[in-house]
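Below: one structure, written as structure tokens.
Throughout, read-outs are computed from the coordinates displayed, never taken from laboratory work. Computed from a predicted model, the values in this text were never measured in an experiment. Note that we place each Cβ from the backbone using ideal geometry, even for glycine, and neighbour counts take in every protein chain shown.
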Amino acid sequence: MHLLILSRNAQLYSTSRLVLAARSRGHEVTVADPLDFQIVISRGRPSMYLGDRPVPHADLVVPRIGASVTNYGLAVVRQFDMMGVPVLNTAVAIARSRDKLRAMQLLTKKNIDVPITVCAKTPDSVALALELVGGCPAIVKLQQGAQGIGTMIAETPQAVTSLLETLWAMGQDIILQEYIAESKGKDYRAIVVGGRVVAAMRRQARAGEFRSNLHRGGEGQRVKMDKRYTQAAIVAVREMGLEVAGVDMLESKNGPKILEINSSPGLEGVERTSGVDVAGKIIDHAERYVIARKNKKKRRVDPIIDAERRNSRLRPAPLAARANGVASVRRP
Ligand SMILES: Nc1ncnc2c1ncn2[C@@H]1O[C@H](COP(=O)(O)OP(=O)(O)O)[C@@H](O)[C@H]1O
Ligand SMILES: [Mg+2]
């Protein structure tokens with residue numbers, strides 16, 4: 001098959017690993033920057049150009065949309081979806097997971113545990129919000145932060161107030177969150193592909209830091225996750241509707257607390273730590289996904305219903321129906 005990977009840079013570890021995994025399985029691969037596409041909106045005929053040429057044929061699009069290009073990147077993914085090209089992580093699923101508040105709302109609806117999270121919008125509400133998350137230290141987060149940037153800890157109520165006021169003045173959307181102290185700078189990163197945990201690592205923040213992100217100097221360790229954690233990760237990803245995802249979870253005294261779900265998880269740390277060929281697992285799933293999509297399409301075309309549909313398209317609609325405007329005659 002022909003795979004189109006949307007990525008800003010083909011040299012990135014994760015992108016190049018996906019290219020290698022796909023080529024070693026005999027697939028053709030193109031890597032394109034989502035910002036190089038021109039989206040053409042036209043009734044009934046959505047299309048796109050890559051540079052000055054019509055977009056090449058692809059059997060599957062694999063989006064690796066970074067936080068800096070979320071809006072346009074998602075528009076490109078949505079356009080592929082509208083053009084009938086299968087995408088491994090739909091635009092709506094990526095958008096759901098990228099907004100931390102929206103993701104938390106969906107998770108708790110399914111009874112998945114998360115740190116208590118409050119969203120407030122006015123300085124008057126800060127005292128109550130802080131009380132609701134259990135006081136200080138408290139976590140202040142940008143709703144769309146990534147790689148640890150945008151996640152802060154506030155040790156005093158004054159710090160919470162000044163952080164919130166500053167960020168509000170900058171037009172940022174913020175959440176206030178309970179600090180899970182017992183996790184002590186550790187968390188789990190689980191990679192879920194096609195509804196299964198294919199690899200996981202424990203991440204430990206460097207000394208003096210509470211964020212365990214590898215981009216912030218955290219260190220990955222090999223780990224075998226408890227079943228409760230595996231299950232929580234799978235349910236969370238299913239709830240987002242993602243085919244490929246990285247789930248961040250804290251280990252609390254009451255079990256797993258989900259922090260966020262990443263739709264373009266980095267592969268470098270988790271492959272090196274776990275020894276698992278995650279890129280290979282993603283491409284294996286991509287193959288199954290494309291076949292399943294084709295079969296689903298075929299199954300949808302019931303021969304009898306299809307013949308009826310074709311007949312009715314050729315026959316003029318009854319007069320009454322035409323007068324009401326409820327039926328139209330379309331000739332192929
Ligand atoms: N409520 C919390 N309590 C304790 N540690 C947290 C909490 N929220 C985040 N962290 C730490 O900060 C890191 C980054 O937070 P996360 O919500 O995953 O945002 P990002 O998108 O920046 O990775 C987590 O991996 C975890 O180590
Ligand atoms: Mg994270």
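It is to be established whether one or more residues within the stretch 131-142 are on the phi > 0 side of the Ramachandran plot, in contact with a Phe, Trp or Tyr (Cβ under 8 Å, 6 or more places away or on another chain) and more than 15 Å from ligand 2 (Cβ to nearest atom). Explain how you work it out, then say what you get.
Kept after step one, since they are on the phi > 0 side of the Ramachandran plot, are these residues of the stretch 131-142: 134-135.
Narrowing the set further to residues that are in contact with a Phe, Trp or Tyr (Cβ under 8 Å, 6 or more places away or on another chain) leaves 134.
Filter again for more than 15 Å from ligand 2 (Cβ to nearest atom), leaving 134.
Yes.
In the stretch 145-168, how many residues are away from ligand 2 (no atom under 16 Å from the Cβ) and either over 21 Å from residue 212 (Cβ atoms) or of a type in the set (S, T, N, Q) (or both)? It would help to see each step written out before you state the result.
Within the stretch 145-168, the subset away from ligand 2 (no atom under 16 Å from the Cβ) is 154-168.
This time we only want the ones that are either over 21 Å from residue 212 (Cβ atoms) or of a type in the set (S, T, N, Q) (or both), so: 156-162, 164-168.
Residues that pass the stated criteria total 12.
Restricting attention to the stretch 173-182, does a residue exist that is aromatic (Phe, Trp, Tyr) and closer than 24 Å to residue 163 by Cα? Before you say what the answer is, go through the steps one by one.
Kept after step one, since they are aromatic (Phe, Trp, Tyr), are these residues of the stretch 173-182: 179.
Now drop any that are not closer than 24 Å to residue 163 by Cα, which leaves 179.
There is at least one residue in the stretch 173-182 that is aromatic (Phe, Trp, Tyr) and closer than 24 Å to residue 163 by Cα.
What are the residue pairs meeting all of these: first residue in the stretch 47-72, first residue on the phi > 0 side of the Ramachandran plot, second residue aromatic (Phe, Trp, Tyr) and surrounded by 14 or more Cβ atoms within 10 Å (Cβ to Cβ), Cβ atoms under 9 Å, and 6 or more apart or on different chains?
Final answer for the pair search is 51/37.
Determine whether residue 229 is more than 27 Å from residue 94 (Cβ to Cβ), within 16 Å of ligand 2 (Cβ to nearest atom) and buried (at least 17 other Cβ atoms within 10 Å of the Cβ).
Working: more than 27 Å from residue 94 (Cβ to Cβ): no; within 16 Å of ligand 2 (Cβ to nearest atom): yes; buried (at least 17 other Cβ atoms within 10 Å of the Cβ): yes.
No, not satisfied.
Can you tell me which condition residue 236 does not meet? The list is (1) under 18 Å from residue 255 (Cβ atoms); (2) free of Cβ contacts under 8 Å to residues at least 60 places away in the same chain; (3) away from ligand 1 (no atom under 11 Å from the Cβ), and all the others hold.
Of everything listed in (1) under 18 Å from residue 255 (Cβ atoms); (2) free of Cβ contacts under 8 Å to residues at least 60 places away in the same chain; (3) away from ligand 1 (no atom under 11 Å from the Cβ), residue 236 misses just condition (2).
Any chance the stretch 260-271 includes a residue that's away from ligand 2 (no atom under 16 Å from the Cβ), of a type outside the set (Ser, Thr, Tyr) and part of a helix (DSSP H, G or I)?
Checked against the condition, which is being away from ligand 2 (no atom under 16 Å from the Cβ), of a type outside the set (Ser, Thr, Tyr) and part of a helix (DSSP H, G or I), the stretch 260-271 yields at least one hit.
Output the residues belonging to the stretch 136-179 that are acidic (Asp, Glu) and within 16 Å of residue 117 (Cα to Cα). Can you show your working first?
As a first pass, look at the stretch 136-179 and keep what is acidic (Asp, Glu): 155, 165, 173, 178.
Within the stretch 136-179, 173, 178 qualify.
Any idea how many residues of the stretch 10-29 are over 19 Å from residue 65 (Cβ atoms) and loosely packed, with under 11 Cβ neighbours inside 10 Å?
1
On the given criteria, is residue 200 surrounded by 19 or more Cβ atoms within 10 Å (Cβ to Cβ), in contact (Cβ under 8 Å) with a residue 60 or more places away in the chain and either more than 9 Å from ligand 1 (Cβ to nearest atom) or among the polar types (S, T, N, Q) (or both)? Full working, then the answer.
Details: surrounded by 19 or more Cβ atoms within 10 Å (Cβ to Cβ): yes; in contact (Cβ under 8 Å) with a residue 60 or more places away in the chain: yes; either more than 9 Å from ligand 1 (Cβ to nearest atom) or among the polar types (S, T, N, Q) (or both): yes.
Answer is yes for this residue.
For residues that are surrounded by 17 or more Cβ atoms within 10 Å (Cβ to Cβ) and under 18 Å from residue 104 (Cα atoms), tally how many sit in the stretch 161-182. Spell out the reasoning first.
Of the residues in the stretch 161-182, the ones surrounded by 17 or more Cβ atoms within 10 Å (Cβ to Cβ) are 163-164, 167, 174-180.
Remaining after also requiring under 18 Å from residue 104 (Cα atoms): 174-180.
Within the stretch 161-182, residues that are surrounded by 17 or more Cβ atoms within 10 Å (Cβ to Cβ) and under 18 Å from residue 104 (Cα atoms) number 7.
In the stretch 196-224, how many residues are more than 13 Å from residue 273 (Cβ to Cβ) and in contact with a Phe, Trp or Tyr (Cβ under 7 Å, 6 or more places away or on another chain)?
0
Among the numbered criteria (1) part of a helix (DSSP H, G or I); (2) over 18 Å from residue 139 (Cα atoms); (3) more than 19 Å from the chain's Cα centre (by Cα), which single criterion is violated by residue 202?
Only one criterion in (1) part of a helix (DSSP H, G or I); (2) over 18 Å from residue 139 (Cα atoms); (3) more than 19 Å from the chain's Cα centre (by Cα) is unmet by residue 202, namely (1).
Hey, among the residues in the stretch 178-212 that are within 16 Å of ligand 2 (Cβ to nearest atom) and basic (Lys, Arg), which one's nearest to residue 286 (Cα to Cα)?
189
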